[in-house]
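One structure below.
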Amino acid sequence: MTETFDLVVIGSGAAAQSVASRCRTSGWTVAMVDKRPFGGTCALRGCDPKKVLVGAAAAVDAARLLSGKGVRPDNVAIDWTELIRFKRTFTDPHPDNLKARLARAGIVTFQKTARFVGPAQVAVGDTLLHAARAIVVAAGSRPADLSIDGREHLLTSDQFLDLPSLPTSIAFVGGGYISFEFAHVAARAGAHVTILHRAARPLAEFDPGLVDRLTARTRVLGVEVRVETEVRAIQRIEGGYHVTANGRDGAVALDTDLVVHGAGRVPDLDDLALDVGGIRYSPGGVQVNQYLQSVSNPLVYAAGDCADTDGPALTPVAAYEGRIVATNLLEGNHVMPDYEAIPSVVFTLPPLAGVGLREDEARANSLSFVAHHDDTSNWYSSRRLGEAFSAFNVLVEQGSGRIVGAHLLGPHADETINLFTLAMRAGVTADRFKQMIWAYPTHGSDTAYMV
């Protein structure tokens, strides 16, 4: 059976929903296809459920940091089973709720694997979807393939978020944001945690000095962070797994109850048969022009984690790219994405955040700048919470006074970074920033002393 739609969207996350809803509102007929439950990674297997777990860990952490300062944390603990049950109150209803909302809007949904069978045709089970105007690939990402013997024993981040009970020990392969965020939650829930990272420094996209401080904070928490340690094999043993790795000082071996994949994600394109659709792609995703249109098939656009763009793989960026694709479809190609000053956060405790350029990037761009940096663990905003690891590094261009980079570690850095983002996007200079009158005492009021 063949069905014709103006627009066929592959994926159901932030990018897919942005473009589908806009085009449908403009009168287009729209089909949306996803091989997994509707909602995308962020709502079901990423940002949102993760923050539920982080919220529980934050409550435990807050009580422990104020031990001896008026709070007795003895009976504050995470009940993992109860926490996962609470997390599911957010994720379990979401696919059906989303599909119902899409149906009310007149968007037809197919929960099956999509596969190109021609430049304008996508097979979905026994149904052939013909796109009269456009196909948008917004299929998201998946865990990267790792060349590790026994990699089939790796648990994905999706599976970690659904663990019915927390094991005694966990090893995370890779030192990215997934490993650090989950390690901070698991450690505060009572697990012994190890992070195995093959490079010399984890969290490579963030300010090196602040990463060093966060790594120190992570180790104080009881997490073993082993850098320059490349995992070679995972072997199933009685009661758990045996992990072997090459470390900077020789062979490394450890036994653990669980091994979790935290070594990065790649575009989820393998099932789509892009070649058949005449769609060029790279390891970074579907190759697109400045309007997010395929460079080889003009009927196809791509957005989000599966598009090969300069944008970071973040949910707000995916939604933003979806809006751009919708505009270009409805009005003709004329809008290009602007990736300047996009904030990113590692939701550890405390969180690590950054927006704009790091020092090495500013130098590579031949910028003349002043780096304002300090340890803020003795500042009121950190001391009153008992947080001993907090700092900042803010880069201000000489002459213009533009804030070109802001990097924060500490309580509520995940919120405070948005103030710097707004300033950078709006062209607010450091002098004007210092003249702002902030509510006090707040973390926002600290920012005047950072520029």
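Scanning the range 362-376 for residues that are over 13 Å from Val396 (Cα atoms) and either charged (D, E, K, R) or touching a His at 6+ places or on another chain (Cβ under 6 Å) (or both) returns Asp374, Asp375. The requirement of being touching a residue at least 24 places away in the same chain (Cβ under 8 Å) and in the same structural domain as Arg201 (by TED's automatic domain parsing) is fulfilled nowhere in the range 274-281; no residue meets it. Taking every residue in the range 205-222 that is closer than 20 Å to Arg188 by Cβ and pairing it with any residue that is modelled with pLDDT of 95 or more and assigned to a helix (DSSP H, G or I), at least 6 positions away or on another chain, the pairs with Cβ-Cβ distances below 6 Å are Leu221/Ala187; Gly222/Ala187. If the condition is being closer than 9 Å to Val52 by Cβ and of a type in the set (D, E, K, R), then the range 81-108 contributes only Lys87.
Can you find a residue in the range 126-139 that is buried (at least 16 other Cβ atoms within 10 Å of the Cβ) and at pLDDT below 95? So far as the range 126-139 goes, no, none of its residues is buried (at least 16 other Cβ atoms within 10 Å of the Cβ) and at pLDDT below 95.
Taking the numbered list (1) crowded, with 20+ Cβ neighbours inside 10 Å; (2) more than 26 Å from the chain's Cα centre (by Cα) in turn, Leu409 passes all entries but (2).
Looking at Gly354, is it assigned to a strand (DSSP E or B) and either more than 26 Å from the chain's Cα centre (by Cα) or surrounded by 16 or more Cβ atoms within 10 Å (Cβ to Cβ) (or both)? The answer is yes for Gly354.
Filtering the range 223-245 to residues that are of a type outside the set (Gly, Ala, Ser) and free of Cβ contacts under 8 Å to residues at least 60 places away in the same chain leaves Val223, Glu224, Val225, Arg226, Val227, Glu228, Thr229, Glu230, Ile237, Glu238, His242, Thr244.
If you take just the strands (runs of 3 or more DSSP E) that sit entirely in the range 238-332, which of them hold at least 1 residues that are among the acidic types (Asp, Glu)? Steps first, answer last, please.
Details: elements: 240-247, 250-256, 258-261, 265-267, 285-287, 300-302.
Qualifying strands (runs of 3 or more DSSP E): 250-256.
Within the range 214-245, track down each residue that is of a type in the set (S, T, N, Q) and in contact with a Lys or Arg (Cβ under 6 Å, 6 or more places away or on another chain). Scanning the range 214-245 gives a single hit, Thr244. What do you reckon, is Thr2 surrounded by fewer than 20 Cβ atoms within 10 Å (Cβ to Cβ), of a type outside the set (A, V, I, L, M, F, W, C), touching a residue at least 12 places away in the same chain (Cβ under 8 Å) and more than 24 Å from Arg265 (Cβ to Cβ)? Criteria met by Thr2.
The values are calculated or read from the model by the stated rules, or taken from the named source; none is laboratory data. What you see is a predicted model, and the numbers here were worked out from it, not measured in a lab. When we count neighbours, we look across all protein chains shown, and the Cβ atoms used for this are built from the backbone with ideal geometry, even at glycine.
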